[in-house]
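What follows is a set of notes on a single structure, which appears directly below.
Only the coordinates and a few stated rules stand behind these numbers; no lab work does. Just so it is clear, the model here is predicted, and its values are computed rather than measured. Heads up, the Cβs are rebuilt from the backbone with ideal geometry, glycines too, and the neighbour counts pull from every protein chain shown.
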Amino acid sequence: MFKRSEQDKRPPVEIFVDGTAITAQQGDTVSAALLASGRDVRRSTAVSGAPRLPYCMMGVCFDCLVTIDGVGNRQGCLVPVAEGMQIEIQKGKREIGR
Amino acid sequence: MTFAPKREDYDVVVIGAGPAGLAAAATSAEAGLSTLLLDENIGPGGQVYRAIASTPVIERNQLGADYWVGADLVQALRASNAEIIQRATVWSLDRNLEIAVSVGGASAFVKARRVIVATGALERPFPIPGWTLPGVMTAGAAQTMLKSSALVPDGRTVIAGQGPLLWLLAAQILRLGGRINRILDTTERGNYFAALPRAFAFLTSPYFAKGLAMMREVRAKVQVVPGVTELAASGDGQLASVSYVAGGKREAIPTDLLLLHQGVVPNVNLAMAAGVEHRWDDLQLCWSPVLDQNGNSSVAGIAIAGDGAGIGGAGAAVVRGRIAARAAAEALAPAAAAKLPPMAALRGDLVKAERGRIFLDTLFRPARQFRIPSGDTIVCRCEEIAAKDILDAVAIGATGPNQLKAYRRAGMGPCQGRLCGLTVTELMAQARGKTPQEIGYYRLRAPVKPITLAELAAVPKSEADVKAVVRG
């Protein structure tokens with residue numbers, strides 16, 4: 001859906017999506033890194049389980065909700081990637097204790 | 001790195017580091033006022049100057065000269081004594097000018113003598129069939145990814161809607177080597193005639209030549225379909241095709257990415273939750289705060305600057321920020337205020353910056369069918385409530401958006417009405433034969449962004465606070 005421009009010279013950052021390593025660039029948000037990865041990163045909604053991807057990328061729509069380092073319901077578009085970050089695609093509601 | 005505010009009290013707290021917030025904070029600090037700037041994003045710039053201090057897009061002309069203006073604003077702010085905190089989510093502002101802000105998972109509280117709300121704008125909801133499908137995003141979302149991560153659309157891409165941002169985004173995508181298969185222009189033909197009497201101011205504004213050049217640049221490379229009157233996205237769990245009607249003819253095109261845009265509207269949540277009075281704006285078709293000429297709202301001590309004060313664009317936002325900050329300085333430190341640029345000069349700048357705006361508002365006034373959906377089309381994305389559900393609620397007695405919450409959960413999901421509020425107001429107004437002003441809006445309250453119960457529970461509390469709620 002998206003590709004990176006060749007002029008991007010930022011250093012790579014390795015993050016994990018459901019256990020699989022992907023390469024992001026320093027300064028990417030979690031949502032941007034997920035969309036750039038080319039993987040199926042659709043979450044499912046808490047209400048009907050419908051698949052969704054980020055819609056606004058500016059902290060407004062909450063369609064980028066994702067589990068980051070064990071904490072659910074994070075807005076992926078507001079969190080920058082960090083080396084070794086563990087990301088889980090959130091299916092449905094946030095679970096108690098996560 | 002994230003830091004909590006250094007002090008508990010500030011002369012001026014500015015919320016939002018877009019053009020208005022950057023200018024306001026720099027002006028306030030220049031007058032010697034203790035100034036705190038709180039911003040939710042990773043870096044300063046807001047949406048228009050998104051990632052201005054970190055963008056990987058090196059070739060400056062690809063983003064355009066208007067973008068790089070933001071670098072000067074950031075530089076001026078950083079040269080000042082203002083304290084700036086990024087990744088700081090303000091979740092409460094009240095009439096006592098007390099602000100609750102979440103930084104790094106913990107909340108801090110600060111008190112201000114003056115608050116300048118510069119929370120800007122967000123894209124107007126574009127509730128067409130299928131707009132919740134993965135693969136449908138806002139144009140602003142694509143622009144955010146382009147500016148902050150040099151990402152451009154790669155698959156079969158359609159841009160649909162209207163307004164200056166749409167053309168700017170298209171030009172930027174093409175310059176960075178991205179793909180656009182078609183642009184579907186939803187501008188109503190009648191708007192051109194309606195806007196004509198306003199054209200003179202626009203022709204003499206800086207928008208005109210720039211806008212024309214950009215549209216020419218895009219049209220040379222992309223097929224543009226004018227007069228689109230119907231639009232729908234479809235696919236099974238993922239966008240597969242976009243269908244539209246133009247000139248009475250229906251067509252469907254296979255699509256991987258659909259970018260929607262029909263203008264921007266004030267981001268009102270924080271100001272409304274603080275009790276600031278808003279009125280329905282019949283030209284811009286949105287809620288705008290009631291303000292005096294210095295940006296002061298109906299709540300003493302709270303001013304609003306930038307697009308949150310009514311859409312005026314980045315140039316106007318900068319001036320509004322300076323005016324609000326100068327007014328704060330006049331009230332708190334009159335001697336220091338005298339060193340700032342005079343108010344009369346700022347007002348002159350504002351008139352210049354707002355020139356041509358009414359023309360744009362009239363020309364790009366979104367069509368009714370793209371604002372007020374029907375049938376199964378989702379209105380509230382969070383709670384997945386369709387237009388017909390809302391009309392059913394009206395039929396059995398729901399009178400306005402706030403009452404609707406008792407019938408349906410519209411506006412009660414995590415986005416707190418940001419993506420459905422305007423649609424619900426207009427839909428209910430139409431169904432009940434009332435004006436949007438009469439129908440009203442959701443009653444917004446803190447926290448205006450979700451925070452965890454654990455974070456709330458960890459807030460420092462006095463013995464008296466505990467006694468007030470503990471039994472026995």
Return the distance in nm (one decimal) between the two label points of a simple spin-label model at B:S234 and B:V469, each offset 7 Å from Cα along Cα→Cβ. 5.1 nm
Just tell me, in residue order, which DSSP H segments of chain B are both 24 angstrom or longer along the helix axis (alpha-carbon based) and at least -0.5 in mean Kyte-Doolittle hydropathy. B:314-332
Just how large is the dipole of region B:242-312 about the Cα centre, in debye to the nearest 20, putting +1 at every Lys and Arg Cβ and -1 at every Asp and Glu Cβ? 200 debye
Cys in chain B lacking any partner Cβ under 4.7 Å -> B:C286, B:C382, B:C415
Pull out the extension gain between B:A252 and B:M412, defined as 0.36 nm times the separation in residues minus the alpha carbon to alpha carbon distance; nm, one decimal. 54.1 nm
May I have the pair-distance distribution P(r) for region B:1-141, computed from all Cα-Cα distances with 10 Å bins from 0 and rounded to whole percent? 12, 37, 31, 16, 4, 0
Post the alpha-carbon centroid distance, region B:411-427 to region B:324-352, in whole angstrom. 36 Å
Three-way shape call for region B:150-207 based on the alpha-carbon gyration tensor, with the a/c threshold at 1.5: oblate
Check: C-alpha center region B:169-197 vs C-alpha center region B:127-150, spacing in Å is 16 Å
Quick one: which residues, 5+ away or cross-chain, put their amide H under 5 Å from the amide H of B:E230? H built at 1.01 Å from N. B:V245
The FRET efficiency for B:R216 and B:K339, from their Cβ-Cβ distance with R0 = 45 Å and rounded to 0.05, is 0.50
Can you pull the one-decimal nm distance between simple spin-label points at A:V71 and B:R113, each 7 Å off the Cα toward Cβ? 3.5 nm
Would you work out which of B:L176, B:F200, B:L231 lies farthest towards the positive end of the dipole of region B:126-261, given +1 charges on the beta-carbon of Lys and Arg and -1 on that of Asp and Glu, about the Cα centre? B:F200
Which shape class applies to chain B: rounded if a/c is under 1.5, otherwise prolate when a/b exceeds b/c and oblate if not, where a ≥ b ≥ c are the square roots of the Cα gyration tensor eigenvalues? oblate
Name the shape class, rounded, prolate or oblate, that the alpha-carbon gyration tensor gives for the protein assembly as shown, where a ≥ b ≥ c are the square roots of its eigenvalues, rounded holds for a/c under 1.5, and otherwise prolate holds if a/b is larger than b/c and oblate otherwise. rounded
Using the structure shown, list the pairs from A:K3/B:K449; B:K6/B:K461; A:K9/B:K147; B:K111/B:K467; A:K93/B:K388; B:K147/B:K352 with a Cα-Cα distance above 21 Å, or answer none. A:K3/B:K449; B:K111/B:K467; A:K93/B:K388; B:K147/B:K352
Charges at C-beta only: +1 for Lys and Arg, -1 for Asp and Glu. How large is the resulting dipole of chain B about its Cα centre, in Debye rounded to 20? 460 debye
Within 10 Å of each Cβ of A:25-31, how many other protein chain Cβ atoms are there on average? 5
Dipole in debye (nearest 20) - region A:12-88, about Cα centre, beta carbon charges: Lys, Arg +1; Asp, Glu -1: 280 debye
